[in-house]
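Enquirer: Quick one: structure below, then a few questions.
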Amino acid sequence: MTETPLLSIPYSNQSENKSNSTACPDLDNWWEIVYYLVPKCIDIICVIGMLGNLFVLIVYLMHKGPLKIPETYLVNLAVADLIFLMCLPFWAENIRNEYNWPFGNFLCRSANSSIHLNMYTSIYLLVAVSLDRYLTFVHTLTHRRIRSKATAKRICLLTWIFGILLSIPTFMFRNVKHLPEWNISACVLDFPTPSWAIANRLIFSIVGFALPSTVIIFFNFYTIRSLQEHTKEQRAFRTKSCKDPRDAKAARSIFLVVLMFLLCWTPYHLVTFIDILFQMKVIQGCFWEDFLNFGEQFSSILALTSSCINPIIYVFAGKYFRQKALEVFSQFSCCGHFLSQVSIQEKFSHFNLFPVKSSSTS
């Protein structure tokens with residue numbers, strides 16, 4: 001049976017594996033663990049992720065100050081994560097139901113298309129924010145002529161359009177199909193030929209991960225190197241930085257977001273690459289079939305966690321975000337009037353927070 005990321009049904013363990021004269025070992029007990037554990041993990045990710053990303057959107061959109069350029073990308077990333085997380089309960093119930101899809105053909109198509117939309121949109125938004133940090137810290141003298149809020153909004157729009165276009169094959173070919181070997185009606189990608197399935201996985205692996213990840217690593221490597229060199233120069237000449245220190249601190253939280261995204265998604269894409277080799281019969285055997293079945297299930301859980309990690313990073317690593325959150329929620333507290341009369345910088349100086357206002361566009 002041919003499937004594709006992110007949330008897929010397992011290979012049949014019957015006669016599909018032609019490399020062996022006998023069927024693969026029965027692993028029903030292991031699948032019982034999958035049916036029990038994976039939906040619970042998805043439910044937890046869903047609750048934490050939706051609360052966290054809603055919190056991020058409330059802070060950014062209700063703050064009195066205008067969004068800075070990196071924040072524009074991060075708001076769009078939070079929206080993409082929310083769309084993604086809203087679709088996960090359907091798949092959790094599907095796994096709980098042993099891959100017997102109970103929600104009809106339209107939700108089979110739309111929910112899975114939305115999941116793929118998030119995958120493509122999220123990684124290319126991280127490309128955009130990595131490029132923005134690269135221009136800010138590596139090409140300091142020219143970045144203001146290139147960067148603007150209008151440009152950032154256009155890039156976000158193009159990223160969404162690009163993600164929608166790449167999600168169209170999922171919407172077209174996802175169908176509820178009866179699988180007699182399992183006696184279930186599953187939500188599967190039903191391509192006309194096996195070569196279509198292999199091509200779809202190659203696009204997913206290359207366009208959806210390998211190329212953007214390479215670009216992200218390139219931009220962040222040179223940005224980090226530029227910051228390190230700048231720090232060394234400061235220490236050598238014992239001078240203060242002409243750059244806004246908030247930019248460097250904000251950059252660190254963005255680097256952390258990028259790093260966690262890559263760590264969460266890399267194992268899944270490695271499994272996807274091995275699956276391409278399996279479908280092309282470069283590797284065969286029960287070991288690889290079982291490895292792909294269980295490896296894809298649990299690596300997908302790790303990939304899903306990337307959507308709920310970002311808000312946690314903002315809270316614990318983003319001092320400027322924490323200050324914005326304090327300002328927003330102080331408006332609803334009984335002490336809101338008092339806080340509005342006191343300088344945020346003075347009141348929270350013990351926590352080493354940033355000043356409230358800045359003319360910086362970064």
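The values are calculated or read from the model by the stated rules, or taken from the named source; none is laboratory data. Quantities reported herein were computed from a predicted structural model and do not represent experimental measurements. We place every Cβ from the backbone using ideal geometry, glycine too, and count neighbours over all the protein chains shown.
Enquirer: Those residues that are crowded, with 19+ Cβ neighbours inside 10 Å and either at pLDDT below 90 or touching an Asp or Glu at 6+ places or on another chain (Cβ under 9 Å) (or both), I need them from segment 75-90; list them, please.
Expert: L88
Enquirer: Moving to a separate point now. Restricting attention to segment 12-54, report how many residues are crowded, with 19+ Cβ neighbours inside 10 Å, at pLDDT 60 or above, in contact with a Cys (Cβ under 9 Å, 6 or more places away or on another chain) and not hydrophobic (A, V, I, L, M, F, W, C).
Expert: 3
Enquirer: Restricting segment 89-105 to residues that are assigned to a loop (DSSP other than H, G, I, E, B) and of a type in the set (S, T, N, Q), which is farthest from I33 (Cα to Cα)? Talk me through it step by step, then tell me what you get.
Expert: Filtering segment 89-105 for residues assigned to a loop (DSSP other than H, G, I, E, B) gives 97-103.
If we keep only those that are of a type in the set (S, T, N, Q) too, we end up with 97, 100.
Working: N97: 13, N100: 17 Å.
This residue is N100.
Enquirer: Next up: Could you list, in sequence order, the residues of segment 108-140 that are under 20 Å from the mean Cα position of the chain (by Cα) and basic (K, R)?
Expert: Correct list: R133 only.
Enquirer: So which pairs qualify, if the first residue must be in segment 166-195 and surrounded by 15 or more Cβ atoms within 10 Å (Cβ to Cβ), the second must be part of a strand (DSSP E or B) and small (G, A, S), the Cβ gap must be under 9 Å, and the two must be at least 6 apart or on different chains?
Expert: Listed by first residue and then by second, the contacts come to V176/S185; V176/A186; K177/S185; K177/A186; L179/S185; L179/A186.
Enquirer: In segment 263-291, how many are touching a residue at least 60 places away in the same chain (Cβ under 8 Å), in a helix (DSSP H, G or I) and over 17 Å from F209 (Cβ atoms)?
Expert: 4
Enquirer: Report yes if I69 is in contact with a Ser or Thr (Cβ under 7 Å, 6 or more places away or on another chain), in contact (Cβ under 8 Å) with a residue 60 or more places away in the chain and under 30 Å from R154 (Cβ atoms), otherwise no.
Expert: Yes, satisfied.
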